[in-house]
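Novice: Sharing a structure, written as structure tokens. Questions coming.
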Amino acid sequence: MLVFSCSDHVDETDETQGSIEQTFEFEEQSIRVFVMDKLQLKPEDIGSFEMKRAHLNADAIQDGFVFLNLAPKAKRDMETSSNPARFQDAGYIGDYNYIFVWDGATQKMGTAFKLVGNGLVPIEVSLIQLLDPGYKTLTARYRVQNSIFETYFQNVGGSLVPVFSYLVVDQLGTKDMALYYHAIEENPSQLEKDIVIYGGVCPTYNADEAALNKNAYAIGPIQSNGHEIYRFFYDPKSGKYATNAPLPE
């Protein structure tokens, strides 16, 4: 059995800087001040800042989460880089996308989770029913050069812990581009659902346009082609998703 986690793919880093004792309501002014102080940001650094409420753990109290993008900072970093052209070609990779979770029971904000990738393209955050029918699981899609990944998180005491990560698009804008469709399916043996990876198709994809802007091309909705590639199940011992199938190198 092979355990599959984000560390097998890309460099995602949890900002573990100790527990946060400050408490406050889940309202924009307090949250924005906290986040800017925590990440040492200026108002002009922030490109997008979104807040949403959801049940993210087993208690009966609603939680919240914040995700932000620092595209203006990424652009300035490119301009002041020793090699701006290389910075652009690499897809503005850096620490420009973050997620925070606010725990409704304690009214405290957890540590930041940063997704290292393309700073010009904000992450796409979704809520799904995966680990338990009583609360939501948070997922995020993000770009690393001309690839797109999706990572699934478990909320542990206000900190996001990755339980699974896999490609959605690989080598976008090239003749070797590959698409993957992520499906959430019931597992008769356990409460946690399976994550099944199918081959994907995108009817709206334009290869010529994608080649002109491989690192930021807006891929359309991806559909399954019906071909199952991998089936992953939740492994309680590791706290991550695993498969019995051999994985590629």
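Here, each number is a calculation from the coordinates, and none is a lab measurement. Just so it is clear, the structure is predicted and the values come from calculations on it, not from any experiment. Reconstructed Cβ throughout: ideal geometry from the backbone, glycine too, with neighbour counts over all protein chains shown.
Novice: Please sort by residue number the GluC sites (Glu not before Pro) in the stretch 168-213 whose DSSP state is loop and whose Cβ has at most 12 other Cβ atoms within 10 Å.
Specialist: 186
Novice: Apply the a/c threshold of 1.5 to the C-alpha gyration tensor of the stretch 110-214 and tell me whether it is rounded, prolate or oblate.
Specialist: Because a/c hits 1.5 or more and a/b fails to exceed b/c, the stretch 110-214 counts as oblate.
Novice: Taking the Cα centre of the chain as origin, sum charge times position over the Cβ atoms of Lys and Arg (+1) and Asp and Glu (-1), and report the length of that vector in debye to the nearest 20.
Specialist: So the dipole magnitude of the chain works out to roughly 260 debye.
Novice: From the residues 191, 171, 88, which one has its Cα farthest along the dipole of the chain in the positive direction, the dipole being from +1 and -1 charges on Cβ of Lys/Arg and Asp/Glu about the Cα centre?
Specialist: Result: 88, furthest along the dipole toward the positive end.
Novice: Can you tell me the length gained on complete extension of the stretch residue 79 to residue 24, counting 0.36 nm per residue apart and subtracting the Cα distance?
Specialist: Gain on stretching residue 79 to residue 24: 16.1 nm.
Novice: Just need log10 I(q)/I(0) for the chain at q = 0.13, 0.16 Å⁻¹, Debye formula, equal scatterers on the alpha-carbon atoms, no solvent, rounded to two decimals.
Specialist: Log10 I(q)/I(0), no solvent term: -0.87, -1.26.
Novice: Multiply the residue gap between residue 189 and residue 36 by 0.36 nm, knock off their C-alpha separation, and tell me the result in nm, one decimal place.
Specialist: Result: 50.7 nm gained on full extension.
Novice: Over the chain, what is the relative contact order in whole percent, taking alpha-carbon pairs under 8 Å and six or more residues apart?
Specialist: 18 percent
Novice: How large is the helix-only mean residue ellipticity at 222 nm for the chain, computed as the sum of -39500 (n - 2.57) over DSSP H runs with n ≥ 4, divided by its residue count, in deg cm²/dmol to the nearest 500?
Specialist: Computed mean residue ellipticity for the chain: -3500 deg cm²/dmol.
Novice: Ranked highest first by average number of other Cβ atoms within 10 Å, how do 238-245, 78-85, 48-55 line up?
Specialist: Answer by packing, highest mean first, reads 238-245, 48-55, 78-85.
Novice: Here is a further query. Which whole-Hz couplings ³J(HN,Hα) result when phi for each residue of the stretch 46-52 is put into the Karplus expression 6.51 cos²θ - 1.76 cosθ + 1.60, θ = phi - 60°, listed in order with x for Gly and Pro?
Specialist: 8, x, 9, 8, 10, 10, 9
Novice: Can you give me the Cα centroid spacing of the stretch 66-87 and the stretch 203-249 in angstrom?
Specialist: 27 Å
Novice: Provide the per-residue ³J(HN,Hα) series for the stretch 161-173, in order, calculated from phi with Karplus coefficients 6.51, -1.76, 1.60 and θ = phi - 60°, each as a whole number of Hz, with x at glycine and proline positions.
Specialist: 10, x, 10, 6, 8, 7, 5, 10, 9, 10, 6, 4, x
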